[in-house]
Amino acid sequence: MSHYFLAIQIPEALQEFYQSWQSELRDVFPYKKWTEKEDLHITLAFLGEATERQILDIKRRLDTSELTDYFTVTLGKLGTFGRPDRPRVLYVEVEPNEKLNNLQKQIVKVTELAGFRSENRAYRPHVTLGKKWGTADSLPKGMFHELESKYSSEKQLEVSQVTLFKIHPQKTPSYEVVAIFPLKS
């Protein structure tokens, strides 16, 4: 059975910008997996395994939902999840945004009505650049703070749609667009 998730796609200009960050950061962060530029996104809800019937149900529900109006989010500096010296995930922060949080809650409510479980952890919107630390080595003390100030650039992203993706782990890029759900203009 295939896995799916709902997300905000990153437009091509920002894909190129963050790919340049990734190219420079590969020498510092020994991640096993770097996100392909076409796969960069902000996750709203991970569905996991889903049948064709469940995906049709999600599509029907989102097609008939009154999703929020267009809005803009700001992408900022680097961030990490995990140990500071060997972070398991390197990402671009999404600055706090009430409209984004509301959209995410709307999406989660729709997925729950369709029978999917929501995550128990708090929503932390981000754009994953790399993950899965690949060596026993650690970052030198203070290095991340240097990089954090170097790789910090406020970029605006207009959110006008939500995308349903199917995951293909063995392909590059790994995410296939299944459906797009426009926000209100």
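None of the figures in this text is laboratory data; all of them are computed from the coordinates on show. Model, not experiment: these values are computed from the prediction. Counting neighbours? That spans all protein chains shown, and the Cβs are built from the backbone with ideal geometry, glycine included.
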(message) Which pairs turn up if I take residues in segment 171-185 that are within 15 Å of S160 (Cβ to Cβ) and look for partners that are among the acidic types (D, E) with beta carbon separation below 6 Å, at least 6 apart in sequence or on another chain?
(response) K184/D69
(message) Quick test of your reading of the structure: S20 fulfils all but one of (1) within 15 Å of the chain's Cα centre (by Cα); (2) of a type in the set (G, A, S); (3) surrounded by fewer than 18 Cβ atoms within 10 Å (Cβ to Cβ). Name the failing condition by number.
(response) (1)
(message) Please pick out the residue among G82, G76 that is in contact with a strand residue (DSSP E or B) (Cβ under 6 Å, 6 or more places away or on another chain) and on the phi > 0 side of the Ramachandran plot.
(response) G82
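Quick one: in segment 129-166, which of the residues that are in a loop (DSSP other than H, G, I, E, B) and polar (S, T, N, Q) is surrounded by the fewest Cβ atoms within 10 Å (Cβ to Cβ)?
Just the residues of segment 129-166 that are in a loop (DSSP other than H, G, I, E, B), to begin with: 134-142, 151, 160.
Those left that are additionally polar (S, T, N, Q): 135, 138, 160.
Numbers: T135: 9, S138: 12, S160: 17.
This residue is T135.
When segment 167-185 is examined, which residues are found to be of a type outside the set (S, T, Y) and part of a strand (DSSP E or B)?
Going residue by residue through segment 167-185, those that are of a type outside the set (S, T, Y) are 167-171, 173, 176-184.
Passing the criteria: I167, E176, V177, V178, A179, I180, F181, P182, K184.
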(request) Filter segment 96-124 for residues that are surrounded by 15 or more Cβ atoms within 10 Å (Cβ to Cβ), polar (S, T, N, Q) and assigned to a helix (DSSP H, G or I) and give the result. (result) Q104, Q106, T111
(message) I want to confirm something. Restricting to segment 42-56 and keeping residues that are within 15 Å of the chain's Cα centre (by Cα) and surrounded by fewer than 20 Cβ atoms within 10 Å (Cβ to Cβ), which single residue is farthest from H126 (Cα to Cα)?
(response) G48
